[in-house]
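I have placed the structure first, in the form of structure tokens, so that the comments after it can refer back to it.
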Amino acid sequence: TEPDHEEIYEQFLNGFDQQRLVDMMAFVSLKGGTGKSLIVNNLAMAYGLLTRYIAEQTGEPQQEVELIDLDFGKPDQRILCGKEPDRYLEDIFYHRREGVDWDSVRRPLPLDAMHLVSTSPVRRSANLFYLHKNEMIYLVNDSSAKIKLADFGGGINKDILDFLNSIRSKICVINGERTSQEAIFNLILAIMLDQTKKVFA
């Protein structure tokens with residue numbers, strides 16, 4: 001029988017154990033060409049403008065917005081923002097002795113209270129995610145920014161599933177192609193299965 005897509009999506013959106021999740025929006029797509037990176041970038045800019053307007057109207061400090069590019073090997077956010085970082089996310093782990101931390105890799109953007117954190121376009125740190133996944137989750141959670149958007153690369157593996165299961169909001173970007181829709185549906189099922197295993201283990 002055909003799976004009940006609506007029921008599956010509802011269960012996915014409700015999630016499991018929401019209290020312990022990181023407050024961040026993770027954007028994922030298993031296929032290229034869906035416009036994911038552009039959507040993430042535009043939404044981050046919109047949040048930046050909105051928080052600036054709210055701060056001007058209320059007189060309160062502006063909420064920080066953090067745009068995090070977790071596409072290891074092909075980070076496009078630095079190009080879309082027109083800002084090449086001085087340091088990349090990998091430097092936290094490769095140059096730990098030099099005191100490189102999360103604040104060191106945050107690149108301020110022209111929009112007030114908005115920062116970019118990017119992976120390196122040349123290192124292609126395949127093992128980094130596996131070795132430092134939990135520390136990255138901690139660093140993101142501990143960041144001072146109240147609004148965090150993460151742009152994940154294409155593809156999926158156990159480490160990315162673990163990372164996604166630690167995040168409160170997961171946004172799947174698809175286009176009208178059947179292959180794109182099926183890929184995301186299978187990703188949702190994989191995330192739900194992984195979450196269920198953790199809950200009942």
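The values are calculated or read from the model by the stated rules, or taken from the named source; none is laboratory data. Since this is a predicted model, take the numbers as computed values, not measurements. Ideal geometry is used to build each Cβ from the backbone, glycine not excepted, and the neighbour counts take in all protein chains shown. Note: areas computed on protein heavy atoms with side chains; ligands, DNA, RNA excluded. Shrake-Rupley method; radii C 1.70, N 1.55, O 1.52, S 1.80 Å.
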Quiz item: Among (1) open to solvent by 30 Å² or more (accessible area, probe 1.4 Å); (2) in contact (Cβ under 8 Å) with a residue 12 or more places away in the chain; (3) more than 26 Å from R52 (Cα to Cα); (4) not acidic (D, E), where does K146 come up short?
Solution: (3)
Practice problem: Scan segment 188-201 and report the pairs whose first residue is part of a helix (DSSP H, G or I) and whose second residue is open to solvent by less than 100 Å² (accessible area, probe 1.4 Å) and at pLDDT below 65, with Cβ atoms within less than 6 Å and a gap of 6+ or a chain change. | Solution: I188/F12; M192/F12; Q195/F16; V199/F16
Quiz item: If we scan segment 188-196, do we find a residue that is open to solvent by less than 50 Å² (accessible area, probe 1.4 Å), of a type outside the set (V, I, T), under 13 Å from L70 (Cβ atoms) and modelled with pLDDT under 80?
Solution: no
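Considering only residues that are among the basic types (K, R), modelled with pLDDT under 85 and at negative phi, which ones fall in segment 99-143? Lay out the reasoning, then the answer.
Here is the first cut: in segment 99-143, the residues among the basic types (K, R) are 106-107, 123-124, 133.
Okay, now just the ones that are also modelled with pLDDT under 85, so 123-124, 133.
Result: R123, K133.
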Self-check item: segment 78-98, residues that are open to solvent by less than 20 Å² (accessible area, probe 1.4 Å) and in a loop (DSSP other than H, G, I, E, B)
Solution: P85
Quiz item: Can you find a residue in segment 149-167 that is surrounded by fewer than 17 Cβ atoms within 10 Å (Cβ to Cβ) and hydroxyl-bearing (S, T, Y)?
Solution: no
